[in-house]
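Nothing in this text is a laboratory measurement; each read-out follows from the coordinates by a stated rule. In this text the structure is predicted, and so the values were computed from the model without any measurement. Backbone-built Cβ (ideal geometry, glycine too); neighbour counts: all protein chains shown.
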Amino acid sequence: MKQQYHAPGLIQLHFIFITGRIENMIWHITCNIVYTPHEFAINDRNEILKFIREYSFGILITYSDGFRASHIPFIITNEDPLVLWGHLATGNEQLRGMGDSRALVIFSGPHSYISPSWYAVPGQVPTWDYVTVHVEGKVKLTGRQETTRMLEKMVSFYESDSSLSGKLGEGTYQDMMSGIVGFYVAVDKVWAKAKLSQNHSEEDRKGVIRHLSRSSNQDEVKISELIRKTIHS
């Protein structure tokens, strides 16, 4: 199955992954869902998978009689091709018309305001640095048995020593399971972007690092660490 890993800007790089190897690459021009100048594009597939696992609380966006969105956790159930699994409450109107439709899922990582006063070169403007991955694919609803199995995997992913392990198939929990509907997203398009001041000089980036690394905000510290990697990579 071909999955599209898009980069950069309006140029999309399509990789065909076979047993974890890049077998072929095809460049073509098309409209991109995420504006991504080439210096901000993430093209490393393993880095993208790691990011999704680390920032797995995503935004599910679908369209049926208008756009609908839900903030929910996801797990990766297959890497090649990439498949995600999540679930919604039965009362969530987003489920209407979602079976066999397409969905966009957005995963957001650390982000931070960047002041021009931190740059070595004056006369510049404020900006925002951030990391994000967007994926798109076909939705398939899962039945009760499959939903139970995937929910077991999700619990184990987020809490490996959970007391619920192996118990979700029991009667009490199965009664609760009637309140959710599980689904897969078979991903066929991926856009990954890390805007980390790469379009600025090394001296400018060092100024940003100096300010963010002293922050009490974890996102700002993380962005400083990621910017540092752009200098030493």
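Pairs of lysines in the chain whose Cα atoms sit within less than 17 Å of one another amount to 16, provided the residues are eight or more positions apart or on different chains. Using C-alpha pairs below 8 Å separated by at least 6 residues, the relative contact order for the chain is 22 percent.
Once every DSSP H run of n ≥ 4 in the chain is given -39500 (n - 2.57) and the sum is divided by its residues, what mean residue ellipticity at 222 nm do you get, rounded to the nearest 500 deg cm²/dmol? Taken over the chain, the calculation gives -7500 deg cm²/dmol.
A simple packing score, the average count of other Cβ atoms within 10 Å per residue, orders the peptides 163-171, 209-217 as 209-217, 163-171, with the highest score first. Pairwise alpha-carbon distances in the chain exceed 21 Å for 62% of all pairs.
The protection proxy used here, the mean number of other Cβ atoms lying within 10 Å of each residue, ranks peptides 99-107, 64-72 as follows, highest first: 99-107, 64-72. Annotation: extensible slack from Asp219 through Asn43 equals 61.1 nm (criterion: 0.36 nm per residue apart, minus Cα-Cα distance).
Between the Cα long axis of helix 45-54 and the first principal axis of the chain there is an angle of about 70°, rounded to the nearest 10.
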